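A short worksheet on the structure shown next.
The values are calculated or read from the model by the stated rules, or taken from the named source; none is laboratory data. Source: prediction; values computed, not measured. Positions of Cβ are backbone-derived with ideal geometry, glycine not excepted, and every protein chain shown enters the neighbour counts.
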């Protein structure tokens, strides 16, 4: 347990450091696809710095919840991200919190964000909160179904063990896993407010969901919430990487060389996944809000199907 | 150690019930105004605290024989046997902890009652009835306690008898409670078999699995209607909100738990070994209850009724745990059965804590504003800060979000679901993942529902002047709510303690128990094996606090400290009218479209005036209570038709009446004659 602490700490710092870069890379790639030059990949860091140096404007009737929420949202998202193995498995806190906890921590963050959206009492905040929660009612069970499938395979709900199982098993070909992967990708797109569910770059009133909730935020509060969004994107991509492309990830206490290999492999995986995400985003148009439940419902059904197939087809461990 | 001996504990518990009953009698004589009701409520709080302590002692001291106490009074046919075995001790501890805190709240809140004599005498009797059900070791005392509980709570429901709505709620409640008690009577009758006797110990000896299936069905109807299983829930969202708020808290948070106890006692303890298919109806009904309960809650704008519908959802979650335990037990999977049972009972504790808290909060809001309708509230976080903090804690807990307690029991239930591929029956294997998906979906819907409940009530701007002029509630009520919120957090942070405390229950009912959690390092819980799954609430809580504190420190160190208050931005068009805020109805609209169009046959109609016409546009929403229409409306129609026919009997001539009496006499003689 004690031996795993440095890995855990390094991991917590790493996700924080890399998250803005990941968003910078996706924005850059997207700009290139759209034949723009795009800002530097380091622009998100500059944005965050700019925001925390600015004066914070708070609406007159905002309560303490409004001012506290950004920190709690960021904290829960960060803790969840720190629980996903990145370059090495065997995290100190892995034994404290499994995949269900990660999903639920993100749920806590969303709950607080939706409340913050309602706090000032404007119509846009309400529209954002209401729609975000509606998406979540399908995305969250879909995510849990993916979790069911994975843990039935690995005989464990811990992400570290699942990842380790996937490495040991080599290339597992299974219908359930394929269904789970598709479901997880759909959930990741929905949860991170990407096209076709939501557009992170929009400020067109009637299409905003995530942006509408945080419309009133400014200055340091906005910086913290933006950082949480960066971390959340990183979390989902890391999760896909550690479960479905686990190769290269160092095992617990494997030594400096493996750790370096793991780190490089992790960054490469992130880059590839970000590229694929942007490719998908550029190729598709945004959906109407009430088409989104169909989209997320597909994820839920695929996840459920994957789980039922496993339940029926094999004797579990 | 004389105090901890089972007989002494049982005597203490029985005298606690007697004390509560005498408090009820005292209240009839004594209560005139606020001071005297405060005294009675205070005494109730003390007695309940003592009963909770007795329950805990009995739970920890278990292992020895339960030492049943026989009372000299009793019904002609049966004996009155009272005693606490681990199952009833666990439930006694759970319900009396909640009842004690609620009584403390009532010391402050109960003074606002306009007619205290309609409320105060029934309150101790209600608690006494619930305790009697738990103490009973024979069917007669059980049913007597059950009826005392039902009738006292009925009297509390109709305490505000001026409103027609409350009288209707009271009538429906009375009918359902009577029907439920009748089915339980049949269940006990079947269990007693041929002249074996009505003591539980004798029923256990007589247990023959031939009647087990019918008993399960009867228990599901009898206890299930009291607990609020769909479709027998219809009375619950009418009756629970109609009572004064501290009584609503007891009915929703505590009385439904007594019903769950009744189900466990009959099905797990008395009915003998289960057949594999017993779990199927339980799981189907439970999953439907969880899902429909939360959907109904989302459509509701009345704060107390929303909470009552949520009780229906949580009862579904509890019964999912119990159904899984039945399935595992029938297949001889002891450890998995223990896990599922503990998950269910853990949720019983959790629900008693956070649902009581939320009802107390709604009472505080009702008292401060005179409003239950969320469309008329808003902005109370500024006017009632302490209530808001406690209510927020309850909302997070009931939405099953870490680090609060609701999450732990759902986590345990999910772990139990993940063990169910071990079940050999293919129908269970198909059903259980679907139940899991339903559970996950209801958890997410519950979070939506409580964003709505908290957001519309406490956040935003006040929608009416009543909400704008609200005042924080009294000291007693505030402390009671804060204690509940603290207990919610505590049970979420150190769940291992609760699981260990409940271990004797699974030992009693299933013969197995989970590995003790107290031996685990760092207070984590490990239901099956560390490699499989583990959860550490304390560490998660500590991590969140540390991460938030670190972030706040860093931001404080490097960020600009300038902060300006200004008008809301709202994309440049801030509107001074509070009517432009999102309402509870508009918040739920996406859910209504996605789920409601099928479940409630919800239809929306927008009528726009013609171009150039300055008339108002109209938006109408039509929602059907499909369950009421499918199950209750036909029954009511049939009953009405029959009574219409029978009504004629009232206006016969004396000759016809005499003929009827004679016919009845002949019929009875024939029946008696053939019976010989």
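Comparison of A:239, A:213 shows that the only residue that is within 15 Å of the chain's Cα centre (by Cα) and crowded, with 22+ Cβ neighbours inside 10 Å is A:239.
Out of all the residues in the stretch A:217-236, which are assigned to a loop (DSSP other than H, G, I, E, B) and surrounded by fewer than 24 Cβ atoms within 10 Å (Cβ to Cβ)? A:218 - this is the single residue of the stretch A:217-236 that is assigned to a loop (DSSP other than H, G, I, E, B) and surrounded by fewer than 24 Cβ atoms within 10 Å (Cβ to Cβ). For residue B:509, the stated conditions do not hold, so it cannot be described as touching a residue at least 24 places away in the same chain (Cβ under 8 Å), in contact with a helix residue (DSSP H, G or I) (Cβ under 6 Å, 6 or more places away or on another chain) and at the interface with chain A (Cβ under 10 Å from one of its Cβ atoms). Is there a residue being assigned to a helix (DSSP H, G or I), facing chain B (nearest Cβ under 7 Å) and modelled with pLDDT under 90 anywhere in the stretch A:109-130? Checking the stretch A:109-130: at least one residue is assigned to a helix (DSSP H, G or I), facing chain B (nearest Cβ under 7 Å) and modelled with pLDDT under 90.
Just one of the listed residues (B:552, B:548) is surrounded by fewer than 20 Cβ atoms within 10 Å (Cβ to Cβ), within 8 Å of chain A (Cβ to nearest Cβ), in contact with a helix residue (DSSP H, G or I) (Cβ under 7 Å, 6 or more places away or on another chain) and under 30 Å from residue A:95 (Cβ atoms), and it is B:552.
Filtering the stretch B:528-544 to residues that are at pLDDT below 85 and more than 7 Å from chain A (Cβ to nearest Cβ) leaves B:528, B:529.
With the condition kept exactly as written, say whether any residue in the stretch B:565-578 is part of a helix (DSSP H, G or I), at pLDDT 90 or above, touching a helix residue (DSSP H, G or I) at 6+ places or on another chain (Cβ under 8 Å) and farther than 15 Å from residue A:108 by Cβ. There is no residue in the stretch B:565-578 that is part of a helix (DSSP H, G or I), at pLDDT 90 or above, touching a helix residue (DSSP H, G or I) at 6+ places or on another chain (Cβ under 8 Å) and farther than 15 Å from residue A:108 by Cβ. Does residue B:485 qualify as being within 14 Å of chain A (Cβ to nearest Cβ) and either under 21 Å from the mean Cα position of the chain (by Cα) or part of a helix (DSSP H, G or I) (or both)? No, not satisfied. In this structure, is residue B:403 surrounded by fewer than 24 Cβ atoms within 10 Å (Cβ to Cβ), more than 7 Å from chain A (Cβ to nearest Cβ) and modelled with pLDDT under 95? Criteria not met by residue B:403.
Counting the residues of the stretch A:196-213 that are more than 17 Å from residue A:134 (Cα to Cα) and not in a helix (DSSP H, G or I) gives 5. Counting only residues that are facing chain B (nearest Cβ under 9 Å) and at pLDDT 95 or above, the stretch A:260-296 holds 0 of them.
Checked against (1) under 18 Å from the mean Cα position of the chain (by Cα); (2) part of a helix (DSSP H, G or I); (3) touching a residue at least 40 places away in the same chain (Cβ under 8 Å), residue B:151 meets all criteria but (3). Checked against (1) assigned to a helix (DSSP H, G or I); (2) more than 27 Å from residue A:44 (Cα to Cα); (3) in contact (Cβ under 8 Å) with a residue 12 or more places away in the chain, residue A:246 passes all but a single condition, namely (1). Quick check on my filter: what residues within the stretch B:556-573 are crowded, with 17+ Cβ neighbours inside 10 Å and more than 7 Å from chain A (Cβ to nearest Cβ)? Scanning the stretch B:556-573 gives no hits.
The listed residues are A:29, A:41, A:25, A:18, and the only one of them that is assigned to a loop (DSSP other than H, G, I, E, B), modelled with pLDDT of 90 or more and away from every other protein chain (no Cβ under 14 Å) turns out to be A:41.
How many residues does the stretch A:49-87 contain that are farther than 30 Å from residue B:413 by Cα, more than 9 Å from chain B (Cβ to nearest Cβ) and surrounded by 20 or more Cβ atoms within 10 Å (Cβ to Cβ)? Residues flagged as farther than 30 Å from residue B:413 by Cα, more than 9 Å from chain B (Cβ to nearest Cβ) and surrounded by 20 or more Cβ atoms within 10 Å (Cβ to Cβ) within the stretch A:49-87 amount to 1.
Restricting attention to the stretch B:350-375, the residues that are over 15 Å from residue B:477 (Cα atoms), away from chain A (no Cβ under 14 Å) and surrounded by fewer than 24 Cβ atoms within 10 Å (Cβ to Cβ) total 4.
Scanning the stretch B:1-16 for residues that are touching a helix residue (DSSP H, G or I) at 6+ places or on another chain (Cβ under 6 Å) and buried (at least 22 other Cβ atoms within 10 Å of the Cβ) yields B:9, B:13, B:16. No other residue among B:187, B:287, B:243 is modelled with pLDDT of 95 or more and buried (at least 24 other Cβ atoms within 10 Å of the Cβ) apart from B:287. Can you name every residue in the stretch B:4-45 that is within 23 Å of the chain's Cα centre (by Cα) and within 19 Å of residue B:246 (Cα to Cα)? Within the stretch B:4-45, B:20, B:41, B:44, B:45 qualify.
Residue B:423: out of contact with any strand residue (DSSP E or B) (no Cβ under 9 Å at 6 or more places or on another chain), within 7 Å of chain A (Cβ to nearest Cβ) and either in contact (Cβ under 8 Å) with a residue 12 or more places away in the chain or within 17 Å of residue B:354 (Cα to Cα) (or both), yes or no? Judged against the criteria, residue B:423 is not a match.
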